[in-house]
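Student: Dropping a structure here in structure tokens format, bear with me for questions.
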Amino acid sequence: MRRRTFLLLSTGIALPARARPSQPLKVDFARVEPGRPLEFPRDHGSHPDYRIEWWYITGWLRTETGEDVGVQVTFFRSRNEWRTENPSALAPRQFVFAHAALADTKLGRLRHDQRGGRAALGLVGADQGNTRVWIDDWRLELEENRYRAQVAAAEFAYRLDFVASGPPLLQGDAGYSRKGGLPEQASYYYSRPHLEVSGTIERDGRSERVTGRAWLDHEWSSEYLASDAVGWDWVGANLDDGGALMAFRMRNRAGGTVWAAATLASPDRSARLFGPGDVRFEAQRLWTSPRTGATYPVVMSVRAGNATWVLEPLMSDQELDSRLSVGTVYWEGAVRLLRDGHPAGRGYLELTGYFSPLRL
């Protein structure tokens, strides 16, 4: 039944004419504008007036036997673009989707799963005022400075705590992050690097205790992609010196850069910002998926100002097929950072729009 619900939600199957409003009107989404200060804990929570929002945690785990495992959990909230006057709690106003994955080198690919549903009856939802987002027994919650994630998937499960230290790292201009040449092509965006991780993962019938370090992004927007953008390359990394790096570029069909930006935080959390002319992504090695035929630059060099890092994947096959939820295929994987040939950090690289142009 959940699979069928997924397909109905993600494909937007039309209702019979008698069930549709006679003159449907589009929602007037809230706009992302510079100068709006982010406030906490309010902005840890949901922003239902905006079109799309996500809470995104990625990290590296270490098992008690010394194995490295990548972890990812993402919850998406999406507002229906059509207005409804239906007062029912089941009216399709807000939808929540979730992706979860473990990058398992012993398996040689991601273990991943996905869920989705309309926010209704307390079974699916995203609270305002603080982070609490859930789909049945999948959930992400924040209490004081501790995020708790719980996932029970077909091939794996985990219960993990992510402890934050220090204030959020505001991206862009005090949290207003440009994504294109027009001012409205932007998101509100902050990160929480260097989350200390502890908990358990389950796979192949075994439970293992893990520790590690992770990264959280929280973004919300109403118009995110420029018309000539087909996807993005993004990296969020915890640096070994205690600093942090976030960099992205929006790509066009020819592989060129539509927009780019980066933030390089020092160990004391002071940050240097870099604009489009100071950020460069270059492919170093390609990998082609045997399942979808998509080709991804899984080894990348990233330059921000005068500093350059090489990103090398924990394993090449970290492709995630989410066509049953948000409707796309992308590469999202654990990477090591090298600088001048020496280990410099660990993080996650996300590559979208290589399978097909991305539309939010």
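The values are calculated or read from the model by the stated rules, or taken from the named source; none is laboratory data. Not measured: the values here are computed from a predicted model. Reconstructed Cβ throughout: ideal geometry from the backbone, glycine too, with neighbour counts over all protein chains shown.
Student: Can you pull out every residue in the stretch 125-134 that is surrounded by fewer than 23 Cβ atoms within 10 Å (Cβ to Cβ) and either in a strand (DSSP E or B) or under 16 Å from the mean Cα position of the chain (by Cα) (or both)? Let's see the steps before the verdict.
Tutor: Residues of the stretch 125-134 that are surrounded by fewer than 23 Cβ atoms within 10 Å (Cβ to Cβ), as a first pass: 125, 127-132, 134.
Across the stretch 125-134, the qualifying residues are Gly125, Thr131, Arg132, Trp134.
Student: Further, regarding this structure: Quick check: anything in the stretch 339-351 under 21 Å from Gly116 (Cβ atoms), in contact (Cβ under 8 Å) with a residue 40 or more places away in the chain and of a type outside the set (Val, Ile, Thr)? Spell out the reasoning first.
Tutor: In the first step, residues of the stretch 339-351 are kept if they are under 21 Å from Gly116 (Cβ atoms); the result is 350.
If we keep only those that are in contact (Cβ under 8 Å) with a residue 40 or more places away in the chain as well, we get 350.
Next cut, of a type outside the set (Val, Ile, Thr) only: 350.
Yes.
Student: Among the listed residues Asn80, Asn86, identify the single one that is within 27 Å of Leu320 (Cα to Cα) and modelled with pLDDT under 95.
Tutor: Values: Asn86 fails: within 27 Å of Leu320 (Cα to Cα).
Criteria check complete, one pass: Asn80.
Student: Could you tell me how many of the residues in the stretch 24-71 are in a loop (DSSP other than H, G, I, E, B), within 28 Å of Ala174 (Cα to Cα) and not polar (S, T, N, Q)?
Tutor: The qualifying residues number 21.
Student: Take the residues in the stretch 313-340 that are in contact with a strand residue (DSSP E or B) (Cβ under 8 Å, 6 or more places away or on another chain) and among the small types (Gly, Ala, Ser), then tell me which one is modelled with the lowest pLDDT. Walk me through it before giving the result.
Tutor: Our first condition is that a residue be in contact with a strand residue (DSSP E or B) (Cβ under 8 Å, 6 or more places away or on another chain); within the stretch 313-340, this holds for 313-326, 328-339.
In the following step, the residues that additionally are among the small types (Gly, Ala, Ser) were identified as 316, 322, 325, 333-334.
Values: Ser316: 97, Ser322: 83, Ser325: 69, Gly333: 97, Ala334: 98.
Step by step, filter the stretch 313-340, then rank; the result is Ser325.
Student: For Lys106, which of the numbered conditions (1) part of a loop (DSSP other than H, G, I, E, B); (2) farther than 17 Å from Gly70 by Cβ; (3) free of Cβ contacts under 8 Å to residues at least 60 places away in the same chain fails to hold?
Tutor: Condition (2) is where Lys106 drops out.
Student: Failed condition for Leu273, given (1) of a type in the set (A, V, I, L, M); (2) surrounded by 12 or more Cβ atoms within 10 Å (Cβ to Cβ); (3) within 22 Å of Pro297 (Cα to Cα), with all others met?
Tutor: (3)
Student: Further question: Being over 22 Å from the mean Cα position of the chain (by Cα), of a type in the set (Gly, Ala, Ser) and closer than 19 Å to Leu358 by Cβ is the filter here; which residues of the stretch 253-291 pass it?
Tutor: Within the stretch 253-291, Ala254, Gly256 meet the criteria.
Student: Let me ask you something else. Return the pair list, or none, for Cβ contacts closer than 7 Å from residues in the stretch 269-283 that are on the phi > 0 side of the Ramachandran plot to residues that are crowded, with 16+ Cβ neighbours inside 10 Å and not in a helix (DSSP H, G or I), at least 6 apart or on different chains.
Tutor: So the pair list comes out as Arg269/Leu169.
Student: Same structure, new question: Hey, among the residues in the stretch 32-41 that are over 16 Å from Asn145 (Cβ atoms) and of a type outside the set (Val, Ile, Thr), which one's surrounded by the fewest Cβ atoms within 10 Å (Cβ to Cβ)?
Tutor: To start, the set of residues in the stretch 32-41 that are over 16 Å from Asn145 (Cβ atoms) comprises 32-39.
Still in the list and also of a type outside the set (Val, Ile, Thr): 33-39.
Working: Glu33: 11, Pro34: 12, Gly35: 7, Arg36: 13, Pro37: 9, Leu38: 16, Glu39: 9.
In this case the residue turns out to be Gly35.
Student: Report, by residue number, each residue of the stretch 341-360 that is under 26 Å from Asp240 (Cα atoms) and either small (Gly, Ala, Ser) or at pLDDT below 95 (or both).
Tutor: Once the filter is applied, which keeps residues that are under 26 Å from Asp240 (Cα atoms) and either small (Gly, Ala, Ser) or at pLDDT below 95 (or both), the stretch 341-360 yields Gly341, Ala344, Gly345, Gly347.
Student: Which ones in the stretch 185-211 are on the phi > 0 side of the Ramachandran plot and within 20 Å of the chain's Cα centre (by Cα)?
Tutor: Of all residues in the stretch 185-211, those on the phi > 0 side of the Ramachandran plot come to 194, 199, 204-205.
The one that is on the phi > 0 side of the Ramachandran plot and within 20 Å of the chain's Cα centre (by Cα): His194.
Student: For residues that are among the basic types (Lys, Arg) and under 21 Å from the mean Cα position of the chain (by Cα), scanning just the stretch 24-44, find the one that is nearest to Gln94 (Cα to Cα). Before you say what the answer is, go through the steps one by one.
Tutor: We begin by selecting, within the stretch 24-44, every residue among the basic types (Lys, Arg); these are 26, 31, 36, 42.
Next, only the ones that are under 21 Å from the mean Cα position of the chain (by Cα) stay: 31, 42.
On the way: Arg31: 17, Arg42: 19 Å.
Step by step, filter the stretch 24-44, then rank; the result is Arg31.
Student: Considering only the stretch 316-352, how many residues are assigned to a loop (DSSP other than H, G, I, E, B) and either of a type in the set (Phe, Trp, Tyr) or in contact with a Leu (Cβ under 9 Å, 6 or more places away or on another chain) (or both)? Walk me through how you get there before you give the answer.
Tutor: Looking only at the stretch 316-352, we keep the residues that are assigned to a loop (DSSP other than H, G, I, E, B), and these are 316-318, 323-327, 340-341, 352.
Filter once more, so that each one left must be either of a type in the set (Phe, Trp, Tyr) or in contact with a Leu (Cβ under 9 Å, 6 or more places away or on another chain) (or both): 317-318, 324-326, 352.
Of the residues in that region, 6 qualify.
Student: Hey, can you tell me all the residues within the stretch 227-251 that are more than 18 Å from Arg213 (Cβ to Cβ) and in contact with a Lys or Arg (Cβ under 7 Å, 6 or more places away or on another chain)?
Tutor: Those that are more than 18 Å from Arg213 (Cβ to Cβ) and in contact with a Lys or Arg (Cβ under 7 Å, 6 or more places away or on another chain): Ala229, Val230, Gly231, Trp232, Asp233, Met250.
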